[in-house]
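Colleague: Sharing a structure here in structure tokens format.
Please treat every number below as a calculation from the coordinates, not as lab data. All values reported here derive from a predicted model rather than from experimental measurement. Positions of Cβ are backbone-derived with ideal geometry, glycine not excepted, and every protein chain shown enters the neighbour counts.
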Ligand code: DGL
């Protein structure tokens, strides 16, 4: 659309839709382009260099689509690729990284000796980004990381009822229980899809979904005057129909999801 700008939202798959749904509810009239890199999913088990390259390709695609603001609706990308991409796309794109934008809210109301558990992908946990960002606001708080490799595949392939999925979720929650976690941060945007199961298995803990805090930050930071026709476009790099099915928890996508190969 001539002169209309879009807000780009990216993730490896359907996870970022848990953020897009919050962005949409806080900024209903904004134009959004979503890209789910389903061909390269999951990001969490890839190398830093691979994640950097995948994300860079998406950012170049966004530039062609008249995107000025990009939301990294992906913790893994925010953890391992944001610092370099911010420099590389400086002056071209304004990027909102997830972890860095929500770290203070993630520990809101917690006391010095409380424990906060970060459930996230291997790459996010290994980066220690949550810990680093949280400690800027409270260096005494105890932060533990739980590598939840396998959760993304449960969500992308809708394996919610499989015994092996339930066992894996149980095993990961056990670590939070053993550490007396007061709060669990859903440190991967795919994990809000698992919230009902998580709550059923471990109720005595608070769950923090960063989407709301991130959306608020975006809303308060950007000028929507050139970006306000309520347009929504969805792109993936593989299996658009599977994407639509898995997306249903957060988005009933009525229009076509376009499939494109970035490189
Ligand atoms: N949903 C993304 C995140 O928040 C990526 C998950 C993955 O592809 O491993 O980290």
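Colleague: Output the number of residues of the stretch 1-26 satisfying the condition of being in a loop (DSSP other than H, G, I, E, B), away from the ligand (no atom under 16 Å from the Cβ) and in contact with a strand residue (DSSP E or B) (Cβ under 8 Å, 6 or more places away or on another chain).
Modeller: Going through the stretch 1-26 one residue at a time, the tally reaches 1.
Colleague: Right, another one. Could you tell me how many of the residues in the stretch 214-263 are in contact with a helix residue (DSSP H, G or I) (Cβ under 7 Å, 6 or more places away or on another chain), outside any helix (DSSP H, G or I) and over 21 Å from residue 66 (Cβ atoms)?
Modeller: The number of residues fulfilling the criteria is 4.
Colleague: Restricting the stretch 78-105 to residues that are buried (at least 24 other Cβ atoms within 10 Å of the Cβ) and part of a helix (DSSP H, G or I), which is farthest from the ligand (Cβ to nearest atom)?
Modeller: Checked the stretch 78-105; the qualifying residue farthest from the ligand (Cβ to nearest atom) is 102.
Colleague: Counting only residues that are closer than 18 Å to residue 199 by Cα and in a helix (DSSP H, G or I), which one in the stretch 138-163 is nearest to the chain's Cα centre (by Cα)?
Modeller: In this case the residue turns out to be 152.
Colleague: Being assigned to a helix (DSSP H, G or I) and either closer than 14 Å to residue 126 by Cβ or near the ligand (Cβ under 8 Å from one of its atoms) (or both) is the filter here; which residues of the stretch 51-77 pass it?
Modeller: If the condition is that a residue be assigned to a helix (DSSP H, G or I) and either closer than 14 Å to residue 126 by Cβ or near the ligand (Cβ under 8 Å from one of its atoms) (or both), then 51, 75, 76, 77 are the ones that fit.
Colleague: Could you grab the pairs with beta carbons closer than 6 Å, sequence gap of 6+ or different chains, first residue in the stretch 141-158 and closer than 17 Å to residue 127 by Cβ, second one in a helix (DSSP H, G or I) and more than 12 Å from the ligand (Cβ to nearest atom)?
Modeller: Note: pairs meeting the criteria are 143/131; 143/134; 146/172; 146/175; 148/172.
Colleague: Name the pairs: first residue in the stretch 10-39 and over 16 Å from residue 98 (Cα atoms), second residue near the ligand (Cβ under 9 Å from one of its atoms) and in a helix (DSSP H, G or I), Cβ to Cβ under 8 Å, at least 6 apart or on different chains?
Modeller: Listed by first residue and then by second, the contacts come to 38/156.
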